[in-house]
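The values are calculated or read from the model by the stated rules, or taken from the named source; none is laboratory data. In this text, all values refer to a predicted model and were calculated from it rather than measured experimentally. Because the Cβ atoms are built from the backbone with ideal geometry, glycine has one as well, and the counts that use them run over all protein chains shown. What goes into the accessible areas is simple: the full protein's heavy atoms, side chains included, and nothing from ligands, DNA or RNA. Shrake-Rupley method; radii C 1.70, N 1.55, O 1.52, S 1.80 Å.
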Amino acid sequence: MAARTKTTAKPRPAYRCTECGNQLPKWVGRCPECNSWGTVEEYGAVPLRTTAAGPVSSPAKPIGEVDGQVATARTTGVPELDRVLGGGLVPGAVVLLAGEPGVGKSTLLLDVAAKAASDRHRTLYVTGEESAGQVRLRADRINALSEHLYLAAESDLGAVLGHIEAVNPGLLILDSVQTIASAELDGAPGGPAQVREVANALIRASKQRGMATLLVGHVTKDGQIAGPRLLEHLVDVVLSFEGDRHARLRIIRGVKNRYGATDEVGCFELHDEGIAGLADPSGLFLTRRDKPVPGTCLTVTLEGRRPLVAEVQALMVDSQIPSPRRTTSGLESPRIAMILAVVERHGGVKLGKQDIYTATVGGVKLTEPSADLAIALAVASSSSDTPLPSNLVAIGEVGLAGEVRRVTGVQRRLAEAHRLGFTHALVPPDPGKVPPGMKVVEVSDIGEALRAIPGRRRASRPRQEQSAAAVAAPRGSAGDPARAALQAYVPAHPEELMEGWEPVGADELD
């Protein structure tokens, strides 16, 4: 009998999603795991391997016998960053900081590198985007110099690991992960395979040495972190650095944190001499003026667990086009459109033929619903050309039926407003404990909120007794008696909120 020959099957090519890492036996246009289009690429044959048991690095032990002191967080020297991290950097932790170009990532991390460096914990700053001389110039400008801070300009992964071996740092800062490439892999720096390989190598080095690592990440045009989504799963902490490049405020938000909460934010102020933390940033969101003006209202927003007093502004002018403009800055356009509809339907304020502009002060972005009531009051104030009292804050979410709903953290918001000197507040029903000395008015719907504002005194004579000339005069004319009488009803000192004032009817807001 003829001997049979053993044939070896030709290895078949395999495919992998560059976004989530899902492996597929054949090419498809959309990954079935993450639903991303055009991310499936061929990368070779799928090897059939069987892993045998091998030696362990350290024996397993009961969790009660594990020493937790080795993972104690160490401060970075920047309190606002420590707040977001949950107390500081944990040895062996890998942190990914992502943000738009020019927001101040490199400036912040260079300041952290200098403040965290000590004789016991060296800091290694590796830059792949700039030369060492350029980084030194920025360090001189922001006074971020330390004899225990080491600087290297590299773009090869092997060279970075060599610097780690030579310096043996306690903190590694890599700016940025998209600029480093491994010679073992094909492809340009910043590709999915390169980013994955660089991140895996640095994570292994961090865990083995107990070295904290800060990685800078790029973002795409829609604000997502560039590279495979697997990068966010590999690291321990993901931070988002936000801010308008035309404003001074910068905010760090925790997106993922294995060692602390993700509802904390850190506030910074970017200036010519560098970047500084803001323990009390509420002053950046307020306009300093001697007298209150129409169309402004103050609210208290929660950024994480931190209450911040912010100012909302509204401006209404007669429209010169068939479709009036609705322009916003710092506020969500769909939310503004909903609030305008509620104010017109349930508040009796005519807005159909008006251009409406709404904005925030200081570059802050208000996304939570607690600012709805303040926006509605600012719009009504601009419509009636009546200023709101300067010592008033408004807190509450407005529903489509005109109801004012409760929001979280009302007591913390009121305490912050009271600390800054505000004495009166409009809030939803049942606000809880009120700070002593602060007068709180509970409103259940938008109409009640508009009537509770002491915008002007009630006329001493009925409206129908006004002269025919006052009624016939065009609104806004120089000699308008009705407008002159209306201005006489506006108090000289609106700070005397709800003392001697009568409610304003909804028909008077038009």
**Asked** With every protein chain left in place, what is the accessible area of D280 in Å² (1.4 Å probe, nearest 10)?
**Response** 80
**Message:** Multiplying the sequence separation of M338 and V66 by 0.36 nm and subtracting their Cα-Cα distance, what value in nm do you get?
**Reply:** 92.5 nm
**Request:** Classify region 290-428 as rounded, prolate or oblate from the Cα gyration tensor: take a ≥ b ≥ c as the square roots of its eigenvalues, call it rounded if a/c is under 1.5, otherwise prolate when a/b beats b/c and oblate if not.
**Result:** prolate
**Request:** First check a/c for region 366-457, with a ≥ b ≥ c the square roots of the eigenvalues of its C-alpha gyration tensor; if it is under 1.5, answer rounded, and if not, answer prolate when a/b is larger than b/c or oblate otherwise.
**Result:** oblate
**Request:** Using only alpha carbon pairs under 8 Å that are at least six residues apart, calculate the relative contact order of region 162-230 and give it in whole percent.
**Result:** 36
**For S182, solvent-accessible area (1.4 Å; no DNA, RNA or ligand), Å²** = 10
**Fill in**
Share of accessible surface on carbon and sulfur in region 285-406, whole %, 1.4 Å probe and ligands ignored, is 50
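Could you tell me what % of all Cα pairs in region 124-194 have separations over 17 Å?
Numbers: 1132 of 2485 pairs.
In whole percent, the share of Cα-Cα pairs in region 124-194 beyond 17 Å is 46.
Work out the FRET efficiency for A359 and R258 from their Cβ-Cβ distance, taking R0 = 60 Å, and round it to the nearest 0.05.
Details: r = 38 Å, r/R0 = 0.63.
Using R0 = 60 Å, I get an efficiency of 0.95.
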**Message:** Sequence gap at least 6, Cα distance under 8 Å: using those rules, report the relative contact order of region 157-290 to the nearest whole percent.
**Reply:** 15
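Using alpha-carbon pairs under 8 Å, 6+ residues apart, how would you state the relative contact order of region 107-151 in percent? Provide the component values of the computation, followed by the final result.
Details: 44 pairs, mean separation 25.2, N = 45.
Relative CO of region 107-151 lands at 56 percent.
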**Prompt:** In region 46-128, which trypsin sites (Lys or Arg not before Pro) are in a loop and have at most 14 other Cβ atoms within 10 Å, using DSSP for the loop call?
**Reply:** R49, R120
**Fill in**
Spelling it out for R405: with amide H atoms placed in the peptide plane at 1.01 Å from N, the residues 5 or more places away or on another chain with amide H under 5 Å from its amide H are E397, V398, G399
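So, with a 1.4 angstrom probe, what is the percent of accessible area on region 156-231 that is carbon and sulfur?
Working: 1590 of 3140 Å².
Result for region 156-231: 51 percent of the exposed heavy-atom area is carbon or sulfur.
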**Asked** So what J values fall out for region 346-362 if you push phi through Karplus, 6.51 cos²θ - 1.76 cosθ + 1.60 with θ = phi - 60°, rounded to Hz, Gly and Pro as x?
**Response** 9, x, x, 9, 7, 10, x, 10, 10, 7, 10, 10, 10, 7, 10, 10, x
**Message:** Using protein chains only and a probe of 1.4 angstrom, how many square angstrom of Y150 are accessible, to the nearest 10?
**Reply:** 80
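If each residue of separation counts as 0.36 nm, what is the full-extension length gain between T51 and D280 once their alpha-carbon separation is subtracted?
Working: separation 229, 0.36 × 229 = 82.44 nm, distance 5.55 nm.
76.9 nm is the gain from fully extending T51 to D280.
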**Asked** By the scheme Lys and Arg +1, Asp and Glu -1, what is the net charge of all other residues having a beta-carbon under 15 Å from that of G266?
**Response** -1
**Fill in**
Among GluC sites (Glu not before Pro) in region 159-261, those in a DSSP loop whose Cβ has at most 12 other Cβ atoms within 10 Å are E184
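Taking the Cα centre of region 205-262 as origin, sum charge times position over the Cβ atoms of Lys and Arg (+1) and Asp and Glu (-1), and report the length of that vector in debye to the nearest 20. Walk me through the intermediate numbers first.
Working: 10 positive and 5 negative charges, 27 e Å.
Using only the charged Cβ atoms, the result is roughly 120 debye.
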**Prompt:** By how many nm would the segment from D244 to A183 lengthen if fully extended, with 0.36 nm per residue of separation less the alpha-carbon distance?
**Reply:** 18.2 nm
**Request:** Please list, in chain and number order, the residues 5+ apart from L97 or on another chain whose amide H is under 5 Å from its amide H, with Hs placed from the backbone.
**Result:** L215, V216, G217, L239
**Request:** Would you mind classifying region 90-146 by shape? Square roots of the alpha carbon gyration tensor eigenvalues, ordered a ≥ b ≥ c; an a/c under 1.5 is rounded, otherwise it is prolate if a/b is larger than b/c and oblate if not.
**Result:** oblate
**Phi to ³J(HN,Hα) by Karplus 6.51 cos²θ - 1.76 cosθ + 1.60 over region 166-180, Hz, x for Gly, Pro** = 6, 8, 6, x, x, 9, 10, 10, 10, 10, 10, 5, 7, 9, 9
